[in-house]
Amino acid sequence: IFVDVPIVSIPKVYEKNNDYIIMEFIPGMKYFEFIQKYPERLDEASTLIYCAFYKMITQGIVHGDFHHGNFLLRLINDKVHLTILDFGMMCEFTDEQKAILLMTFNFSVDDKTRSAYLIKFLSSINDDFKTVLGKYENASAPDIITKILQVEKLVIPMDYITLFVTLQNVFFLIT
């Protein structure tokens, strides 16, 4: 996915199974550590992470566990570089789901529209979501995810469980 993007790297995988993954070592700092050391790079770092996520969506394959511990940042020649770790868990999307998800993360849409797109996307994952999510149409996108994870007793397909945490983390960057 990122072969043509020199500021984003994914370490080589040497060995993996259901319990672990052994990857190439690439130095870097976790998001908050990087921002604490380079506060003037907050926008650049956040934008890079957001753009990487956006590119994954356009390719139809998204890191299934994209949280702060699974990406590292570093400065090389005065540019922020991103390393994405543990790319073993992935979610694949249909063309319709990609289009909806891209609109969910579009900076130009207001919060209500973003929430409507998120509900539409989540409803495409599981028909049971449609009924339950209707009551959250006025909630913010991050709140919808929180409600699904903490309040509702919805059965989330195994392929998508960590995607919910991924969505929360990306919403953190854009809201």
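Some points to look at:
- Residue list for the stretch 70-113, restricted to those being basic (Lys, Arg) and over 15 Å from the mean Cα position of the chain (by Cα): Arg74, Lys79, Lys112
- Selection of first residues in the stretch 2-17 that are without any contact (Cβ under 8 Å) to a residue 40 or more places away in the chain and of second residues that are part of a loop (DSSP other than H, G, I, E, B), restricted to Cβ pairs under 9 Å at least 6 apart or on distinct chains, gives the following pairs, ordered by first then second residue: Lys12/Glu24; Tyr14/Glu24.
- Extreme residue, surrounded by the fewest Cβ atoms within 10 Å (Cβ to Cβ), among residues of the stretch 121-144 that are closer than 26 Å to Ile1 by Cα and not aromatic (Phe, Trp, Tyr): Ser124
- In the stretch 35-71, the residues that are among the hydrophobic types (A, V, I, L, M, F, W, C) and in contact (Cβ under 8 Å) with a residue 12 or more places away in the chain: Ala45, Leu48, Ile49, Ala52, Phe53, Met56, Ile57, Ile61, Val62, Phe66, Phe71
- Selection within the stretch 107-123 - over 18 Å from Glu137 (Cβ atoms) and at pLDDT 80 or above: Ser108
The values are calculated or read from the model by the stated rules, or taken from the named source; none is laboratory data. Keep in mind it's a predicted model, so treat the numbers as computed, not measured. We place every Cβ from the backbone using ideal geometry, glycine too, and count neighbours over all the protein chains shown.
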